[in-house]
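Student: Handing you a structure now.
The values are calculated or read from the model by the stated rules, or taken from the named source; none is laboratory data. For clarity, every value in this text was computed on a predicted model and none was experimentally measured. All Cβ positions, even for glycine, are placed from backbone atoms using ideal geometry, and neighbour counts span all protein chains on display. Surface areas here come from the heavy atoms of the whole protein model, side chains and all, with no ligands, DNA or RNA. Shrake-Rupley method; radii C 1.70, N 1.55, O 1.52, S 1.80 Å.
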Amino acid sequence: MSVLTVQLGQCGNQVGQELFDIICSDAQEGQRKTYSAASCERFFHQTAHGDLVARALLIDMEPKVINRSMSMAAKSGRWSYGESSHFSQKQGSGNNWANGYCVHGPRHRDAVEELVRREVERCDRLAGLIAMMSVAGGTGSGVGTYVTQCLRDIYPSSFILNHLTWPYGTGEVIVQNYNSVLTLAHLYQLSDAILVHENDTVHRICSRLLNIKHISFSDVNRVIAHQLGSILQPALTADSHGAYSRNPLGELVSALACHPEYKLLSVCTIPQMASSSIAYSTFSWPGLLKHLRQMLISNTKMEEGIDWQVRPPADSGRSRSLAGGSFNTSLANLLILRGKDVYSAETGGIDDPALYTSWLSSKEAFSLWKSPVPFNKYEKSATLVSNSQALLRPLDDMVGKAWNMFASRAYIHQYIKFGISEEDFLDSFTSLEQVISSYSQLC
C-alpha cells in the first residue's frame, strides 16, 4: 500500500525532500531486498526505465523552494519528483494564515485537487496521506489547512496524518502564534493524528548531540527527516505475521490516536550523534531503552540532560504537566526498534501500566514494531512516538501568547481583511483550550 505525501510551503517542501532522500538511501543500502521493495512500494513509483519517482506533491505560492527541492532530488541520482507533480504561483501568502486559507486555497482548489487525484491514481492501494507543513507562515499553515480540508472531503475514509513543524519560541514571524492557533484548531477537526516537531528541540539536538557549530535550516530538517523516516520505514508489527506492515498510517493512527480529543503526537529517537562518532560507539538494547523510558516520563527529547529524579507516581495523585519537573503521563506509546539483535530486545519497561492513564490498559496503550534492518547507519536505534502530555506546555504557551495579542487587538485587521472574523479566532481559542484541558487531566 502506498503513502502520498503532500509538501506545503517552504518548510514542508524542504523537510519532505530530506525525508525522501533518507528513505531512498536507507532502502538501497546493502542487501535488503524485501525491506527495499516494501519501502519503495510505499513511497515511490517506478518509471518504465526503473527510475524511482516520489509519491509526492509539492505546493507553494512561490516557485523558488519547489524548484530547489526538485533540483536537489534529481541531482541525487537515486530518485526524483514527478515532472508535473508540483503547483506554485508567483506571490506568497505574506505570513498570513487568512490569506492562505481564504484566498490562495479556494482560488487554486481545482488545480490542486486534480494533482492529488492524478497521483492517487498511480497507487494500487492508498494507505493514506501525509501533509507536511510549518504552522508559522502563511502558505504552509493557511493553504496547508485548506488543502487538508480538501483531502478530507475527497477521501473521507482515508487516513490523514499532518506533520507540523512548530516555530522557534523566540519568534520567526510576528504573527506566528495566531497562525499556529488557527492551524491547530482547524486541523484538530480534520486530521486523524498530528505529529509535531518543535524547532527549539531539534536545534538543541543539532547543537548538543550532533556538535554542529553553525546550525542551518537544512541541519534541522535533516534531523526531523531522520526521525520521520525511522517511523515510516517498513517494520514488523504484532499483527503482520512476519511480513512488513502494509498500512503504516492506519496502524500508526490506530495505535496512538484512540480518542478524538487526543491527537497530538511527539517523537524522540535514540541514539543521535555526529556521523563521525557512530563507528566508535556501541549500544545495548537495555541501555538504549532505559534512557528512552526516562526521556518519556521526564519529557526530555534527547538523551543529554535527562532528569533521572522523575518517577512514575505511586498512586493516582499525579502532578500536572504544566508544572515544571513533573511526570509526563501517556495515553499511548509506539516503540519502534530497528537493527541488530532486535528480536532479543525487551520493551524496556515502556509498557509499564504506571506510565499510562488509568482508563486505558497498557496492553491497548502500548504497541511495539521491530525491524532487523539497521536504519540510517545506526547499528541499533529506537524511536518512541508518544501521545502524551509532552506537548502540553508549548501548546499552552502558544495559545497564551496568541491570546495576549488578540486581547490587545494586535494585527487583527490583517486577518479580517482576508475574511477571518473575530468569532473565528474565538472559536479556535475555545477549541484549543479544550485540548489543553483534556491533556492536563490525563491521569
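Student: Going through the range 266-276 one residue at a time, which ones are modelled with pLDDT of 90 or more and either assigned to a helix (DSSP H, G or I) or over 17 Å from Phe375 (Cβ atoms) (or both)?
Tutor: Correct list: Ser266 only.
Student: In the range 394-406, is there at least one residue being in a helix (DSSP H, G or I) and closer than 29 Å to Leu288 by Cα?
Tutor: yes
Student: Can you confirm whether Ile212 is in a loop (DSSP other than H, G, I, E, B), among the β-branched types (Val, Ile, Thr) and over 28 Å from Val143 (Cα atoms)?
Tutor: When the stated conditions are applied, Ile212 passes them.
Student: Kindly indicate whether Gln91 is in a loop (DSSP other than H, G, I, E, B), open to solvent by 10 Å² or more (accessible area, probe 1.4 Å) and either out of contact with any strand residue (DSSP E or B) (no Cβ under 9 Å at 6 or more places or on another chain) or under 30 Å from His413 (Cα atoms) (or both).
Tutor: Numbers: in a loop (DSSP other than H, G, I, E, B): yes; open to solvent by 10 Å² or more (accessible area, probe 1.4 Å): yes; either out of contact with any strand residue (DSSP E or B) (no Cβ under 9 Å at 6 or more places or on another chain) or under 30 Å from His413 (Cα atoms) (or both): yes.
Yes: the conditions hold for Gln91.
Student: Say we look at the range 71-88 and pick out the residues that are out of contact with any strand residue (DSSP E or B) (no Cβ under 7 Å at 6 or more places or on another chain) and in a helix (DSSP H, G or I); which of these is most open to solvent (accessible area, probe 1.4 Å)?
Tutor: Only one residue fits best here, namely Lys75.
Student: Which of the residues belonging to the range 7-20 are of a type outside the set (S, T, N, Q) and under 11 Å from Ala54 (Cα atoms)?
Tutor: Applying the first criterion (of a type outside the set (S, T, N, Q)) to the range 7-20 yields 8-9, 11-12, 15-16, 18-20.
Matches in the range 7-20: Gly16, Leu19, Phe20.
Student: Could you go through the range 204-225 and let me know if any residue there is on the phi > 0 side of the Ramachandran plot and not assigned by TED's automatic domain parsing to the domain that holds Val385.
Tutor: Yes - at least one qualifying residue is present in the range 204-225.
Student: Name the single residue, out of those in the range 213-231 being free of Cβ contacts under 8 Å to residues at least 60 places away in the same chain and either in contact with a His (Cβ under 7 Å, 6 or more places away or on another chain) or more than 24 Å from Asn387 (Cα to Cα) (or both), that is least open to solvent (accessible area, probe 1.4 Å).
Tutor: Val220
Student: Then there is this: Can you tell me which residue is least open to solvent (accessible area, probe 1.4 Å) among those in the range 407-418 that are closer than 30 Å to Ser440 by Cα and part of a helix (DSSP H, G or I)?
Tutor: By that ranking, first place goes to Ile412.
Student: Hey, another quick one. May I ask you to verify whether Cys102 is among the hydrophobic types (A, V, I, L, M, F, W, C), in contact (Cβ under 8 Å) with a residue 24 or more places away in the chain and open to solvent by less than 20 Å² (accessible area, probe 1.4 Å)?
Tutor: When the stated conditions are applied, Cys102 does not pass them.
Student: Additional query: Which count do you get for residues in the range 232-265 that are surrounded by 21 or more Cβ atoms within 10 Å (Cβ to Cβ), modelled with pLDDT of 90 or more and part of a helix (DSSP H, G or I)?
Tutor: Residues in the range 232-265 being surrounded by 21 or more Cβ atoms within 10 Å (Cβ to Cβ), modelled with pLDDT of 90 or more and part of a helix (DSSP H, G or I): 6 in total.
Student: Anything in the range 201-211 that is in contact with a helix residue (DSSP H, G or I) (Cβ under 8 Å, 6 or more places away or on another chain) and free of Cβ contacts under 8 Å to residues at least 60 places away in the same chain? List them, or say none. Don't jump to the end; show me each part of the working.
Tutor: We begin by selecting, within the range 201-211, every residue in contact with a helix residue (DSSP H, G or I) (Cβ under 8 Å, 6 or more places away or on another chain); these are 202-203, 205-206, 210.
Residues satisfying the conditions are Val202, His203, Cys206.
Student: When the residues of the range 355-409 are narrowed to those that are under 22 Å from Asn199 (Cβ atoms) and of a type in the set (Ser, Thr, Tyr), which ends up farthest from the chain's Cα centre (by Cα)?
Tutor: Ser388
Student: Here are the criteria: (1) at pLDDT below 95; (2) outside any helix (DSSP H, G or I). Tell me which single one Gly100 does not satisfy.
Tutor: The failed condition is (2).
Student: If Phe425 satisfies all but one of (1) of a type outside the set (Lys, Arg); (2) under 18 Å from His186 (Cα atoms); (3) at pLDDT below 95, what's the number of the condition it fails?
Tutor: (3)
Student: For residues in the range 19-63 being buried (at least 20 other Cβ atoms within 10 Å of the Cβ) and among the basic types (Lys, Arg), which is farthest from Ser93 (Cα to Cα)?
Tutor: For the range 19-63, the residue satisfying everything is Arg42.
Student: Taking the criterion of being among the β-branched types (Val, Ile, Thr), at pLDDT 95 or above and on the phi < 0 side of the Ramachandran plot, would at least one residue in the range 277-294 satisfy it?
Tutor: At the first step, the residues of the range 277-294 found to be among the β-branched types (Val, Ile, Thr) are 278, 282.
Imposing the further condition that a residue be at pLDDT 95 or above reduces the set to none.
Scanning the range 277-294 turns up no residue that is among the β-branched types (Val, Ile, Thr), at pLDDT 95 or above and on the phi < 0 side of the Ramachandran plot.
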